[in-house]
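The values are calculated or read from the model by the stated rules, or taken from the named source; none is laboratory data. Just so it is clear, the structure is predicted and the values come from calculations on it, not from any experiment. Note that we place each Cβ from the backbone using ideal geometry, even for glycine, and neighbour counts take in every protein chain shown.
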Amino acid sequence: MQEDTKMIDDLIRLDSGHSPEKVLKDIAYALGQSAIVAITDRTGKIVYVNKLFTKIAQYSMDELVGADHRIINSGYHPPSFFKDMWRTIGRGGKWRGEVCNKAKDGTYYWVDTTIVPFLNEKGRPYQYISIRYDITASKESERMIRDLAYNDQLTKLPNRTSFRKVLHEEIAQAEKKGAKLAFVYLNIDRLRYVNDSLGHEAGDYILSVVSKRLKRVLSEKHVIGRLSGDEFGIILKGIRKAEDAERLTQEIQQFLKEPIAVMGQSQTLSLSCGIALYPEHAKKPSELTMKAEKALSVAKEHGGGGYEVYQHGTASKTLERILMENELRKSVHLGEFHLDYQPKMNFKTGKLAGVEALVRWNHPDLGRIPPDKFIPVAEETKLIAPLGEWVLREACTQARKWQDSGYGPFRVAVNMSAIQLEEPTILDTIKNILDETGVTTDLIEIELTESAFADREGMQEKICEIRALGIMVSIDDFGTGYSTFSYIKELQADTVKIDMSFVRDIHLNEDSRAIVKAIVMLADTVGLNVIAEGVEYEEQVEILKELGCREGQGYYYSKPMSSNDFEKFMGK
Ligand code: C2E
Ligand code: CA
Ligand code: CA
């Protein structure tokens, strides 16, 4: 930049016919076609502003010229921010930063600002030119993304990520003070039943009522967070003994029993709670969470509506769970699995953009078991490794077949769980399968949820290596805010799949629309593809298109189907 300054200085000197000021203004005019430009004198008094400046600041030229920049100071930055700036430019250096300013009507705007001093013969600045670009929109989406990353949108409570952070901090505090804490893991009994019978809106309403009641019944010093769909976490502070936590838990349960009117029906809620104590049961946040969760599963087994305090050796497996584990173990070898395929479509052309392979388990006695049920068990038991390997091999074989029969080309996406990615041999497994099946790598895509991108050891490198093979990587269920959401810029991925929870009510809910808009915008700026999942209605397609989203997947186009049916679908 020093060089740039020198260049402009030379320019001024070369141009003998005009005053330096005139030349400067000409340059400013040229710049001003796209930038917000101002020239100030040595003392910071404004001597020139261009039209864009008056437009964004909403002051007239007359109001601005002669004033100093305090007129647009928003008070957002601390005084040291501008002191630093003045120190830099006062010494003749260039300064660049993102500044929040205030317009005449009191609204704020953000500008990417560069200030270049012009130096006299003695090397001292005699005036400054500032060049600004409006970045309000991207700042706004950044803020929204950050909010998304740390707050649950429905209840406005801290989400799992930020709750975990707070738990860390609280434990550190308690350790310092030698204080005790209780972690209460709370689950709304039978919320799924409400969702299924009255719809998701009713379920959402109940969740917001529960969060309000929790806030009301607990004094502010305690911390409440929403951990997942129907689960909340509470950190109880100022606890002396287990009985204190039990008493508060009973109060919560009692208060939440008050009936709620949902769609003209009176619903009575019951809650199950699991309690674990710091430091008695665990000293580490993750362990404390796990123990409270274990206690919760015991409370659940007892039929719900009650609470349990963690006890050593608590059996956490339900009978259903044990059965499933055993069956899963057998089935991995018995070929009871198959893949269904769901198309991904380009909104504009209406053409096939790719396809997602989804695993299905058809048990001879138990019937169809949904992946949402058995994948978590497979992950916990590590059976996901052989199962996932089978899925990838099957999908690659199928992709090769389609390639050979002249379908496409289109990409076949395979879901991979974070646990699978943690396997030390995963890369070799992938390479072997690619070799064996002979499929072209750019026809394969891997879908990973956000948790796989979390800064667990070596994950980023592995994802990098997968991409280096020519395989595309997408971030599944994006926006559910469980992990590295705000670091989207740094993620090793090609595509984000906007979670269906934002798509489901996009035609009804402005928040969802704003969130999707922010995701699309941010993805565009960092060069990621975007696809929306769970598209069911034409209305949703129209809105998504308007928001700049180009691809979608969902029942609107087709449910997942067998490979044969998918061929018919393509033949249409
Ligand atoms: P996912 O990856 O988010 O997959 C999309 C799920 O949404 C599928 O459920 C699909 O049937 C469903 N879906 C698609 N379009 C719509 C729609 O318009 N509306 C609604 N309400 N739902 C829609 P599915 O097949 O039950 O799979 C559930 C989850 O199981 C998947 O979620 C994925 O996380 C996991 N999964 C499935 N197959 C595999 C696999 O091979 N490996 C691993 N690790 N996980 C898998
Ligand atoms: Ca997926
Ligand atoms: Ca998904």
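Against the test of being surrounded by 19 or more Cβ atoms within 10 Å (Cβ to Cβ) and either within 15 Å of ligand 1 (Cβ to nearest atom) or within 19 Å of PHE410 (Cβ to Cβ) (or both), the options ILE515, ILE506 yield a single qualifying residue, ILE506.
Is it the case that some residue within segment 68-90 is under 16 Å from SER130 (Cα atoms), assigned to a loop (DSSP other than H, G, I, E, B) and either without any contact (Cβ under 8 Å) to a residue 24 or more places away in the chain or hydrophobic (A, V, I, L, M, F, W, C) (or both)? Scanning segment 68-90, I find no residue that is under 16 Å from SER130 (Cα atoms), assigned to a loop (DSSP other than H, G, I, E, B) and either without any contact (Cβ under 8 Å) to a residue 24 or more places away in the chain or hydrophobic (A, V, I, L, M, F, W, C) (or both), so the answer is no.
Number of residues in segment 433-453 that are under 21 Å from LEU491 (Cα atoms) and within 16 Å of ligand 1 (Cβ to nearest atom): the value is 10.
Can you name the condition, by its number, that GLY303 falls short on among (1) in the same structural domain as GLY552 (by TED's automatic domain parsing); (2) surrounded by fewer than 14 Cβ atoms within 10 Å (Cβ to Cβ); (3) on the phi > 0 side of the Ramachandran plot? Of everything listed in (1) in the same structural domain as GLY552 (by TED's automatic domain parsing); (2) surrounded by fewer than 14 Cβ atoms within 10 Å (Cβ to Cβ); (3) on the phi > 0 side of the Ramachandran plot, GLY303 misses just condition (1). Exactly one residue among GLU325, GLU336, GLU389 is assigned by TED's automatic domain parsing to the domain that holds THR437, acidic (Asp, Glu) and over 33 Å from the mean Cα position of the chain (by Cα), and that residue is GLU336. Output the residues belonging to segment 39-67 that are surrounded by fewer than 13 Cβ atoms within 10 Å (Cβ to Cβ) and either in contact (Cβ under 8 Å) with a residue 40 or more places away in the chain or small (Gly, Ala, Ser) (or both). Scanning segment 39-67 gives SER60, GLY66.
Confirm whether ASP134 is out of contact with any strand residue (DSSP E or B) (no Cβ under 7 Å at 6 or more places or on another chain), surrounded by fewer than 19 Cβ atoms within 10 Å (Cβ to Cβ) and modelled with pLDDT of 90 or more.
So ASP134 does not fit the description; no.
Quick one: is SER405 within 23 Å of VAL355 (Cα to Cα) and more than 19 Å from the chain's Cα centre (by Cα)? Yes: the conditions hold for SER405. Looking only at residues of segment 533-564 that are free of Cβ contacts under 8 Å to residues at least 40 places away in the same chain and hydrophobic (A, V, I, L, M, F, W, C), we find that the one that is nearest to ligand 2 (Cβ to nearest atom) is VAL535.
Among the residues making up segment 341-359, a single one is more than 10 Å from ALA413 (Cβ to Cβ), of a type in the set (Val, Ile, Thr) and either crowded, with 18+ Cβ neighbours inside 10 Å or within 16 Å of ligand 3 (Cβ to nearest atom) (or both): VAL359.
Give the residue that is modelled with the highest pLDDT, with candidates limited to residues of segment 291-318 that are part of a helix (DSSP H, G or I) and over 22 Å from GLU243 (Cβ atoms). Applying the filter and picking the extreme gives SER297.
Within segment 413-424, take every residue that is of a type outside the set (A, V, I, L, M) and at pLDDT below 95 and give me the one that is nearest to ligand 3 (Cβ to nearest atom).
Across segment 413-424, the extreme among qualifying residues is SER417.
Residues in segment 433-454 that are buried (at least 19 other Cβ atoms within 10 Å of the Cβ) and assigned to a loop (DSSP other than H, G, I, E, B): VAL439 alone.
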